[in-house]
Amino acid sequence: MTALELITASRALLDESTAALFSDAEILMWINAGERDIAYKTGCLESISELTTTEDVRYVAFTGIKVNAVELVESGSTTVLVGGDVNYKDTSDNVWKDTTDVVWKDYERNVTIPYAPQSTLRITPHHFGHIKLRGETKPQYWVQWGNYILIEPIPNDAYTLNAYLSIYPTDQMSDNADVPEIPYEFHEAIVPYVAMMGKLKAQLYTEAAFKYAEYTILLQELIDKHIRRIPARTLDIRVPDEVRTR
Amino acid sequence: MSAYVHNWTAIMAQARALIRESSASFWTDALLLVYANEGIKAIAWRVGGYRTFTTVTTTALTRLVSFTGYKCLAVEYDEKALIKITPLQLGHVPLDGIYPQYWFEFGNYIGIEPVPPEVYTLTVYLASIPTDMTTGASVPSVPYAFCGMLTYYIAARALEQDRRFDASAQLMDIFNNDLDFLSMALLPNIPNGIEDVRFR
């Protein structure tokens with residue numbers, strides 16, 4: 001939706017088709033505030049940021065609202081699986097877990113594979129030093145603290161991390177043709193937000209409370225549908241009984 | 001498009017729109033700034049919205065170490081988190097060496113168990129006290145995510161001053177709901193469990 005479409009939709013809810021109590025500039029201010037509010041509450045504006053740890057420093061700064069996941073990337077590090085050999089997952093570099101599964105047995109080609117990037121796990125500051133690391137010195141765990149990611153164990157080198165972040169919009173709309181930065185499916189939530197702000201200004205407090213409730217319920221629904229990530233289960237991908245072939 | 005501004009001038013414009021006084025008359029800018037700083041502190045002390053970490057040092061043979069902040073949430077020594085206890089447990093917890101192993105918060109102090117025999121440097125993770133905004137260009141210390149709700153707080157306090165108590169209460173309700181919503185979304189530190197990473 002463009003800024004103009006949002007203004008028109010908001011004016012319809014406020015029952016004021018041309019500017020009287022509410023100026024267009026004021027409505028645009030609320031539209032921009034609504035966009036930010038939605039980004040903050042839902043974390044819908046997602047971005048992956050490459051960060052680098054500092055040797056012997058636990059924290060890494062990031063810019064955004066929330067850290068959703070942190071992945072350790074071992075850039076430039078590869079291992080070669082040789083064609084003609086049977087390669088098992090327990091190669092000498094210990095990248096692959098100890099298992100007898102064959103991962104590569106092409107008889108002609110070699111393949112160069114990256115060290116598997118690995119997601120680290122979220123903990124709390126109370127866990128520092130209390131998790132068995134089994135000699136592992138690379139980042140294994142993280143916790144968000146303000147605008148920092150704290151790493152466990154304290155990095156012994158500069159490591160590259162991919163931080164999966166929820167960020168805030170950087171630019172606000174100023175022209176009619178401008179479009180919010182938040183994903184399209186979240187645009188509709190801006191309208192009840194603007195309506196709530198308008199009702200507050202109009203001193204219609206009961207109606208404002210009604211719109212606020214509508215707005216927060218809508219946000220919760222959007223979070224459930226678009227933000228909350230649930231991995232597929234075996235149950236979700238198995239072939240249903242009625243189409244299973246004999 | 002233009003860059004978003006999170007400063008006091010932008011926040012005040014939104015608050016003034018809600019109280020229908022676009023420039024200072026009944027409510028001066030200075031007064032609204034007082035309400036804004038009060039709101040920022042409310043966010044910080046009620047949900048620990050402003051989090052920092054810093055180092056403090058122990059004094060030899062002294063249990064207590066002072067800190068500045070609303071609440072100490074965790075303490076770390078030598079890359080290891082100390083375990084939180086209460087003063088009632090002093091002398092009753094198993095010790096492994098002379099180094100700091102347990103902590104408790106009491107007033108503006110952190111108590112260490114065992115009593116440190118020498119000077120140690122501790123990292124403390126705090127819910128901190130935000131610094132006040134002073135000028136139009138000032139930006140709230142709390143994360144940007146909490147800045148939007150300041151508008152409701154300022155307007156609620158302004159209307160209360162004008163003895164419009166019902167209106168004030170409605171706005172304060174919205175502020176409280178927003179604070180709950182955002183603090184639940186942004187602040188909990190819940191460790192990942194097996195259910196987050198395994199394939200089921």
Review point. Quick check: anything in the stretch B:18-32 out of contact with any strand residue (DSSP E or B) (no Cβ under 9 Å at 6 or more places or on another chain), within 14 Å of chain A (Cβ to nearest Cβ) and crowded, with 20+ Cβ neighbours inside 10 Å?
Key: yes
Exercise for review: Just give me the residues in the stretch B:176-191 being modelled with pLDDT of 75 or more, under 16 Å from A:Ile65 (Cα atoms) and either surrounded by 14 or more Cβ atoms within 10 Å (Cβ to Cβ) or at the interface with chain A (Cβ under 9 Å from one of its Cβ atoms) (or both), in sequence order.
Suggested key: B:Asp178, B:Leu179, B:Phe181, B:Leu182, B:Ser183, B:Ala185, B:Leu186
**Study point:** Evaluation of A:Ile48 against (1) modelled with pLDDT under 90; (2) surrounded by fewer than 16 Cβ atoms within 10 Å (Cβ to Cβ) (one fails), failing number
**Key:** (1)
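Given the residues B:Thr123, B:Thr131, B:Thr68, B:Thr62, which is the only one that is β-branched (Val, Ile, Thr) and over 22 Å from B:Leu187 (Cβ atoms)?
Values: B:Thr123 fails: over 22 Å from B:Leu187 (Cβ atoms); B:Thr131 fails: over 22 Å from B:Leu187 (Cβ atoms); B:Thr68 fails: over 22 Å from B:Leu187 (Cβ atoms).
That would be B:Thr62, the only listed residue that is β-branched (Val, Ile, Thr) and over 22 Å from B:Leu187 (Cβ atoms).
Given the structure, is B:Asn7 touching a residue at least 60 places away in the same chain (Cβ under 8 Å), away from chain A (no Cβ under 14 Å) and out of contact with any strand residue (DSSP E or B) (no Cβ under 9 Å at 6 or more places or on another chain)? Break it down into steps so the answer makes sense when it comes.
On the way: touching a residue at least 60 places away in the same chain (Cβ under 8 Å): yes; away from chain A (no Cβ under 14 Å): no; out of contact with any strand residue (DSSP E or B) (no Cβ under 9 Å at 6 or more places or on another chain): yes.
No: the conditions fail for B:Asn7.
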**Study point:** Residues of the stretch A:168-186 satisfying the condition of being within 9 Å of chain B (Cβ to nearest Cβ) and among the charged types (D, E, K, R)
**Key:** A:Asp171, A:Asp175, A:Asp178, A:Glu181
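Of B:Leu82, B:Leu64, which residue is under 30 Å from B:Asp180 (Cα atoms) and touching a residue at least 12 places away in the same chain (Cβ under 8 Å)? Quick ask: steps written out before the conclusion?
Numbers: B:Leu64 fails: under 30 Å from B:Asp180 (Cα atoms).
Checking each option against the conditions leaves just B:Leu82.
Here is a yes/no grid of residues against (1) outside the structural domain of A:Thr8 (by TED's automatic domain parsing); (2) in contact (Cβ under 8 Å) with a residue 60 or more places away in the chain; (3) surrounded by 21 or more Cβ atoms within 10 Å (Cβ to Cβ); (4) not in a helix (DSSP H, G or I):
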position	(1), (2), (3), (4)
A:Ile154	yes, yes, no, yes
A:Leu161	yes, yes, yes, yes
A:Asp175	no, yes, no, yes
A:Asp178	no, yes, no, yes
A:Ala189	no, yes, yes, no
A:Ala209	no, no, no, no
Practice item. Might you let me know whether the stretch A:226-241 holds any residue that is more than 26 Å from A:Val70 (Cβ to Cβ), touching a residue at least 24 places away in the same chain (Cβ under 8 Å) and not in a loop (DSSP other than H, G, I, E, B)? Key: no
Review point. Are any residues in the stretch A:121-172 among the β-branched types (Val, Ile, Thr) and under 22 Å from B:Leu82 (Cα atoms), and if so, which ones?
Key: A:Ile123, A:Thr124, A:Ile131, A:Thr137, A:Val143, A:Ile149, A:Ile151, A:Ile154
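Looking only at the stretch B:10-30, which residues are in contact (Cβ under 8 Å) with a residue 12 or more places away in the chain and part of a loop (DSSP other than H, G, I, E, B)? Walk me through how you get there before you give the answer.
Taking the stretch B:10-30 and keeping what is in contact (Cβ under 8 Å) with a residue 12 or more places away in the chain, we get B:11-12, B:14-16, B:18-19, B:26-27, B:29.
Result: B:Ile19, B:Phe26, B:Trp27.
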Revision key, fill the gap. Residues of the stretch B:54-89 being within 13 Å of chain A (Cβ to nearest Cβ), closer than 15 Å to B:Ser141 by Cβ and within 12 Å of the chain's Cα centre (by Cα), in sequence order, are B:Gly69
Study note, to complete from the structure: Of those in the stretch A:52-62 that are in contact with a strand residue (DSSP E or B) (Cβ under 8 Å, 6 or more places away or on another chain) and over 30 Å from A:Leu219 (Cα atoms), the residue surrounded by the fewest Cβ atoms within 10 Å (Cβ to Cβ) is A:Thr52
Practice item. Could you tell me whether the stretch B:136-153 includes any residue that is touching a residue at least 40 places away in the same chain (Cβ under 8 Å), within 14 Å of chain A (Cβ to nearest Cβ) and exposed (fewer than 15 other Cβ atoms within 10 Å of the Cβ)? Key: yes
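The values are calculated or read from the model by the stated rules, or taken from the named source; none is laboratory data. What you see is a predicted model, and the numbers here were worked out from it, not measured in a lab. Methodologically, a virtual Cβ is constructed for each residue, glycine included, from the backbone with ideal geometry; neighbour enumeration extends over all protein chains shown.
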